[in-house]
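Trainee: Below is a structure I'd like to ask you about.
The values are calculated or read from the model by the stated rules, or taken from the named source; none is laboratory data. Because the structure is a prediction, the values reported are computed rather than measured. Counting neighbours? That spans all protein chains shown, and the Cβs are built from the backbone with ideal geometry, glycine included.
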Amino acid sequence: MNARTTAPLSPEWRWLRLSLAGLWLWTAAVSLWEWNGQSLALLAALPAAWAPVKPWLMGCGVAADLLIGMWLWWRPGRAAYLAALGAMGVMTLLASAVEPAWWLHPFGPLAKNVPIAAALLLLWRQDVRA
């Protein structure tokens, strides 16, 4: 049979998965809460001509964060881990294009994506297929 099965996760693996899901959900919530504050400020470096697109970009980011967070929380698996990794990669590339200096920020808003990617890859690898 080709049915997909997931090996039971130890508490440590569940904690890793749930902490990543929580991170994505928290990011969505904070992005909505700060819609007219920090969220909009993150896109300040874009040219003025992009002004009409900024709300759309922010909305897509919030939707992606929310969907991936829910997926990781309620229906984890290889597809969810790869989707999270892909979305994070795209968002990291876009953020790097908008403001490359974020790589040098003392709080590491983009550098933190490296260990998050490693955690997602570890979760992807531990997911067992029958």
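Trainee: Looking at the range 71-118 only, could you name the residues that are in contact with a Ser or Thr (Cβ under 8 Å, 6 or more places away or on another chain) and under 13 Å from Leu42 (Cα atoms)?
Mentor: First pass over the range 71-118, keeping only residues in contact with a Ser or Thr (Cβ under 8 Å, 6 or more places away or on another chain): 76-77, 102-103, 110, 113.
Trp102, Leu110 - these are the residues of the range 71-118 that are in contact with a Ser or Thr (Cβ under 8 Å, 6 or more places away or on another chain) and under 13 Å from Leu42 (Cα atoms).
Trainee: Taking the stated definitions as given, is Pro109 at pLDDT below 95, closer than 14 Å to Thr27 by Cβ and surrounded by 13 or more Cβ atoms within 10 Å (Cβ to Cβ)?
Mentor: Working: at pLDDT below 95: yes; closer than 14 Å to Thr27 by Cβ: yes; surrounded by 13 or more Cβ atoms within 10 Å (Cβ to Cβ): yes.
Criteria met by Pro109.
Trainee: For the structure I just gave you, tell me whether Leu72 is loosely packed, with under 15 Cβ neighbours inside 10 Å and not in a loop (DSSP other than H, G, I, E, B).
Mentor: Judged against the criteria, Leu72 is not a match.
Trainee: For Ala119, only one of the following conditions fails: (1) outside any helix (DSSP H, G or I); (2) closer than 16 Å to Ala21 by Cα. What is its number?
Mentor: (1)
Trainee: Another question about this same structure. Give the residue, chosen from Ala83, Ala95, that is surrounded by 15 or more Cβ atoms within 10 Å (Cβ to Cβ), in a helix (DSSP H, G or I) and at pLDDT 95 or above.
Mentor: Ala83
Trainee: Shifting gears a bit: If Val53 passes every condition in (1) surrounded by 13 or more Cβ atoms within 10 Å (Cβ to Cβ); (2) part of a helix (DSSP H, G or I); (3) without any contact (Cβ under 8 Å) to a residue 12 or more places away in the chain but one, which one does it miss?
Mentor: Result: Val53 passes all but (1).
Trainee: Output the number of residues of the range 29-50 satisfying the condition of being modelled with pLDDT under 95 and either under 26 Å from Leu122 (Cβ atoms) or part of a helix (DSSP H, G or I) (or both).
Mentor: So the count comes out to 15.
Trainee: Continuing with this model, one more query. When only residues in the range 1-28 that are among the β-branched types (Val, Ile, Thr) and either at pLDDT 85 or above or surrounded by 12 or more Cβ atoms within 10 Å (Cβ to Cβ) (or both) count, which is farthest from the chain's Cα centre (by Cα)?
Mentor: Thr6
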